Amino acid sequence: MLPPRIPLARLNTPLHLLARFSEKLKSAYPDAPRIWLKRDDLTGFALSGNKVRKLEFTLAEARSQGCDTVITCGGVQSNHCRATAIACAQLGLKCHLLLRGESVPAEHADGNIFIDQLAGATIAFHSVSDYQKNLNELLLSAQDEVARSGGKAFIIPTGASDEIGIWGYVAACEELKHDFAKSGITPGHVFCATGSGGTQAGLTLGAYRSQLNTQVWGINVCDDENYFLHKVNEDITACVARYGDRYDLGKAIHTAHKDLPIKVIDGYVGPGYAKATAEIFDLIKEFASQEGVIFDPVYTGKAFYGLLSEIKKGRFDAEQDVVFIHTGGAFGLFAQRHCFYSKTQ
Ligand SMILES: *Cc1c(COP(=O)(O)O)cnc(C)c1O
């Protein structure tokens with residue numbers, strides 16, 4: 001049993017072995033595990049990536065509260081905002097986006113924000129400092145404004161990472177369990193890019209609930225290990241508190257969740273959030289040309305680079321198989337296309 005959910009994602013997504021890449025890796029590092037990709041970049045087209053799994057639960061909640069408008073927030077190239085804008089258009093909800101950064105003239109919009117506009121979202125830009133200082137007030141005042149004009153708005157926090165949204169990845173663990181059985185693998189480690197923590201929180205809780213016997217790791221693309229240890233724990237605790245006795249979280253988890261191992265691989269943020277080095281752009285090119293898989297410089301490319309570096313250091317030598325969750329993000333690539341020319345020739 002799961003909380004109310006609106007089907008938005010194309011499920012189940014494939015789990016696929018990076019056969020050629022793993023073989024090449026093994027020829028240089030004989031003890032390296034094989035790497036599998038969970039293709040959550042294939043949850044849809046415009047409505048794709050990891051956020052869709054979360055929005056299935058988040059928007060069900062918005063609907064059950066009778067809201068006609070959704071307000072959310074993120075960077076100008078937020079995948080979460082783009083997915084929310086499209087999902088709202090599909091469901092006939094109004095969408096207001098509060099974006100962090102310089103305003104982009106409509107005719108220059110690229111990548112995610114171009115899709116936001118197509119989907120008819122109302123967009124407000126806020127300077128980085130205003131956004132960082134006043135995000136809650138900005139969200140609440142947008143909600144008030146909707147109320148004054150007779151509507152009812154539901155606020156989705158950054159990345160839909162809260163006790164509702166994380167159900168997307170709690171549920172995904174049932175899917176992973178079947179994937180592992182079907183592929184005949186027992187991976188001891190599952191990795192994802194961590195940006196607002198909800199994917200990692202859902203996977204960590206879901207791995208316990210579905211008895212995956214696997215350790216979940218977030219590879220952070222912003223902030224640091226301490227921040228995410230705290231944030232992931234906070235989301236899990238709130239989820240257990242709110243849903244604990246229902247939906248198969250059960251009594252056991254009330255005590256067990258305090259011992260759930262939350263693990264972060266830190267050290268790969270590089271120059272900063274959404275800023276990648278030449279190595280990351282090279283890896284994205286290599287993957288596109290050799291595997292036909294598209295990573296992005298903000299999340300998946302950076303996190304996969306981190307995983308690969310740790311594997312090369314021998315950290316996961318004891319493993320036969322590891323799984324990397326491909327969380328999507330392809331639209332973010334377009335806004336950084338110039339980096340492929342200036343940094344990597
Ligand atoms: C948002 C996002 C992530 C990070 O997920 P969180 O749940 O926010 O930690 C990873 N990859 C992509 C492509 C994303 O858009």
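The values are calculated or read from the model by the stated rules, or taken from the named source; none is laboratory data. Quick caveat, the model's predicted, so the values are computed rather than measured. We place every Cβ from the backbone using ideal geometry, glycine too, and count neighbours over all the protein chains shown. For the accessible areas, the whole protein counts, side chains as well, though only heavy atoms, and no ligand, DNA or RNA atoms are used. Shrake-Rupley method; radii C 1.70, N 1.55, O 1.52, S 1.80 Å.
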statement: 1/(1 + (r/R0)^6) with r = Cβ-Cβ of ASP130 and GLN90, R0 = 41 Å, i.e. FRET efficiency to nearest 0.05, evaluates to 0.85
task: Note down the relative contact order for the stretch 83-232 as a percent, whole number, built from C-alpha pairs under 8 angstrom at least six residues apart.
output: 17 percent
task: List the relative contact order of the stretch 1-90 as a percent without decimals, with contacts defined as Cα pairs under 8 Å and 6+ residues apart.
output: 31 percent
- prompt: For the chain, modelled as a GNM with alpha-carbon contacts under 10 angstrom, which of ALA276, ALA62, ALA147 fluctuates the most?
  reply: ALA147
task: State to the nearest 20 debye the size of the charge dipole of the chain about its Cα centre, where the only charges are +1 on K and R beta carbons and -1 on D and E beta carbons.
output: 480 debye
message: Once R0 is set to 22 Å, what does the formula 1/(1 + (r/R0)^6) return for the Cβ-Cβ distance between TYR29 and ALA278, expressed as a FRET efficiency to the nearest 0.05?
response: 0.50
task: Would you kindly state how much longer the chain becomes between ARG10 and ALA106 on full extension, computed as 0.36 nm times their sequence separation minus their alpha carbon distance, in nm to one decimal?
output: 31.5 nm
query: Along the stretch 111-126, what does the Karplus equation 6.51 cos²θ - 1.76 cosθ + 1.60 (θ = phi - 60°) give for ³J(HN,Hα), rounded to whole Hz, x for Gly and Pro?
result: x, 4, 5, 4, 5, 3, 5, 4, 6, x, 5, 7, 10, 10, 9, 10
- prompt: How many percent of the accessible area of the stretch 101-154 is carbon or sulfur, using a 1.4 Å probe?
  reply: 51 percent
message: Per residue, how large is the accessible surface of the chain? Use a 1.4 angstrom probe and give square angstrom.
response: 43 Å²
message: Limiting things to C-alpha atoms, what are the Rg and the maximum Cα-Cα separation (Dmax) for the stretch 124-263, in angstroms?
response: 17.4, 56
- prompt: What are the ³J(HN,Hα) values, in whole Hz, obtained from phi via the Karplus relation 6.51 cos²θ - 1.76 cosθ + 1.60 with θ = phi - 60°, for each residue of the stretch 163-175 in sequence order, with x given for Gly and Pro?
  reply: 5, 8, x, 5, 4, x, 8, 5, 5, 4, 5, 5, 5
query: Among all cysteines in the chain, which have no other cysteine Cβ under 4.7 Å from their own Cβ?
result: CYS67, CYS73, CYS81, CYS173, CYS192, CYS222, CYS239, CYS339
- prompt: Amide H of CYS95: which non-local residues (sequence gap of 5 or more, or other chain) have their own amide H closer than 5 Å, using H built in the peptide plane?
  reply: VAL70, THR122
- prompt: Based on the Cα atoms of the stretch 141-184, what semi-axes does the equivalent ellipsoid have, where each is the square root of 5 times one gyration tensor eigenvalue, given in whole Å with the largest first?
  reply: 39, 9, 6
task: Quantify how much of the Cα-Cα distance distribution of the stretch 49-190 extends past 27 Å, in percent.
output: 26 percent
query: Dividing the convex hull volume of the alpha carbon atoms of the stretch 28-90 by its residue count, what do you get in Å³ per residue?
result: 128 Å³
query: When averaged across all projection directions, what area in nm² does the alpha-carbon convex hull of the stretch 1-105 cover?
result: 10.1 nm²
- prompt: In Å, what is the Rg of the alpha-carbon atoms in the chain, and how long is Dmax?
  reply: 19.6, 64
task: State, as an integer percentage, the relative contact order of the chain based on alpha-carbon contacts under 8 Å between residues 6 or more apart.
output: 22 percent
